[in-house]
Structure formats: C-alpha cells, structure tokens
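Worksheet: one structure, shown below.
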Amino acid sequence: MIEIPRQKPKFRFAPSPNGPLHLGHALSAILNHDMAARAGGDFLLRIEDIDQTRCTPDFEAGIYADLSWLGLRWQEPVRRQSEHFPAYQQALETLVDRGLVYPAFLTRGEVKARVAAFEADGKSWPRDPDGTPLYPPDDRERGNAERQRLLASGVKHAWRLDMEKALAVAGEPLCWRESGDGEKGLIAADAASWGDVVLSRSDAPSSYHLSVVVDDAVQGITHVVRGLDLFHATSIHRLLQTLLGLPEPLYHHHRLLLGSDGRKLSKSMGDTGIAEWRRQGLSPTELRRRIGL
C-alpha cells in the first residue's frame, strides 16, 4: 500500500521540463506559493518528467532558475517522477488485480482510421471533454484467452481503465470541493465522459492521471491549485483516488492566461518564456503585474 503522510497544508507546482516556462506557469507557481504562505503551509516543487523523450536536464535547470528569479522558495528535496516509476507501477498493478483495467492493443493510427470511417457517413464519434475521440470498445470486449495470447506475443500495448467497471466499484456519485475562478462549491464528477482513459503506455510507465494522484497522496498535498484547463480532468482524479483509497485534496482551478489569438499560452506554440521576459529587463514585480497579481 502507498504510505500517506498526515501533515500541515501543502501546495505544489508541478511543471514538465519539456520547454521553457511561460507566463501561465508563473501565474500558477506564484498562486501556489502565495496561497501556501497565507495558509501557513508548505510550497512544494514537483518535476513531472515521465516523458523521457521530451524532458531534458536543460529545461529542468531552467525551471529552477525561473522560479528562483521570481523569488519563490520550495521545500527540498524536489520530487522527480522519473525516480518513482515503481510507485506508479504498484498503483497500476492494484487496479489490474481488481480487474479494473485491461490491455489495449489498438494503435493511434488504427483508432484514427476507425473514427474517420465512422464519421465519413456524417455521424459523430463520441469525444471526451478535451475533444479527443473515445477509445473503441474492441479491447475491452476482447476475450481473456485472446488477451493472454496477445500479451504473450509481446505486442505493444497500453493499459486502460475500464470506466464502466471502475464506476460500479466506486459506488456513490463522486464529487470534489472547488474554490477556483469558475464553478465553486461541490462539483459533480463526470468521469464517464472521458471513456476508458490510458493509465500506462508501452513508451511511458504511467499516464498523467495516474501519476498525479499517486504523487499528491505520497507528498501529502492538501490543496491542488492549477489551471482551468484541468478542471474536467479532476473527475478522473477523484475516481482514481477513490479506487486506490487515496485522500481527496481541495481543488482550486485558476484562470488561464491567453495569447493575442485567444488561445491559452503554450510551450509547444513557442509563447514567450519567463527567461526571455527576464532578458528583456522585466522585473519580478513587473511580471506579477503583467499577469494580474
């Protein structure tokens, strides 16, 4: 079982070192830092570096430099996800043993082709809150003998949560307590809208959804403060917390910073990073004003 410490209020900022931090990251980091200070709690930094192909030491060093320049201080040691793969594997195996996940063998290309063929007639394939097509039922409905044959053959596969079974085991309707910039109060969790989400892939030992609930529990996080783009994903996190017997944090989903084109700031789109603003002569105080703090 995962050991869960009981401690004073804890907040965390958990970036991925796959690109320079931008102003949206600054907003989230500062909010976590300042809310922790007001609550008399701790501010933790977590490096979410499961994706070993995109995450680099240089980007990680840049995170430390940017946050230090902003005047933020965090507890040591920093938790790096790449050093805790066994913890995520243990959580996955717990769900495997309970029959709540299944091996999924369809490739991204096969799923894309299936969806395209279905929608060629004008029909609409169901999609999750992020707009991604739900995974087809083929592997969920596959017989055990065929599953074992495919596993024994060594074919690449992911592990997906059997959403229908998981919700049946979870029992009563799930919810979370929200204090953010959108809806507030007790929010009903709609995990079913996400379909059979991925919990592990052949090229990544854990998904974001699985690792984040394990990390928050192990680190004793009491308050999760993050962007509104993750508001709906909280439904999955509450389900996984319930299935794994993990504590429920309080949630605060804050506003997003948008670019001139109306989309949220993104590393992949090359939005100006904190380091670049620093090179242009912006001070930490001026940066706070720029992001509305």
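Exposure proxy ranking for Phe43, Phe85, based on other Cβ atoms within 10 angstrom of each Cβ and starting from the fewest, stands as Phe85, Phe43. Classification of the range 55-126 by its C-alpha gyration tensor yields an oblate form. The axis ratio a/c (a ≥ b ≥ c) is 1.5 or more, and b/c is at least a/b. Full extension of the chain segment joining Tyr64 with Arg289 gains 78.9 nm, where the gain is 0.36 nm per residue of separation less the Cα-Cα distance.
When the charge dipole of the chain is built from unit charges on Cβ atoms (+1 for Lys and Arg, -1 for Asp and Glu) and taken about the Cα centre, the candidate among Val224, Ser206, Leu243 whose Cα reaches farthest toward its positive end is Val224. Under the classification rounded if a/c is under 1.5, otherwise prolate if a/b is larger than b/c and oblate if not, where does the chain fall, given a ≥ b ≥ c as square roots of the Cα gyration tensor eigenvalues? Taking the square roots of the gyration eigenvalues as a ≥ b ≥ c, the chain is prolate. Sorting the segments 279-291, 209-221, 53-65, 243-255 by their residues' average number of neighbouring beta-carbon atoms within 10 angstrom, most packed first, yields 209-221, 243-255, 53-65, 279-291. If you take the square roots of the eigenvalues of the alpha-carbon gyration tensor of the range 85-248 and sort them as a ≥ b ≥ c, do you get rounded (a/c under 1.5), prolate (a/b over b/c) or oblate? Oblate. Treating r as the C-beta distance of Ser153 and Ser179 and R0 as 30 Å, the FRET efficiency rounds to 0.05.
Just so you know, all these numbers are worked out from the coordinates, no wet-lab data involved. No experiment lies behind these values; they were computed from the predicted model shown. With ideal geometry, Cβ positions are generated from the backbone for all residues, glycine too; neighbour counts draw on all protein chains shown.
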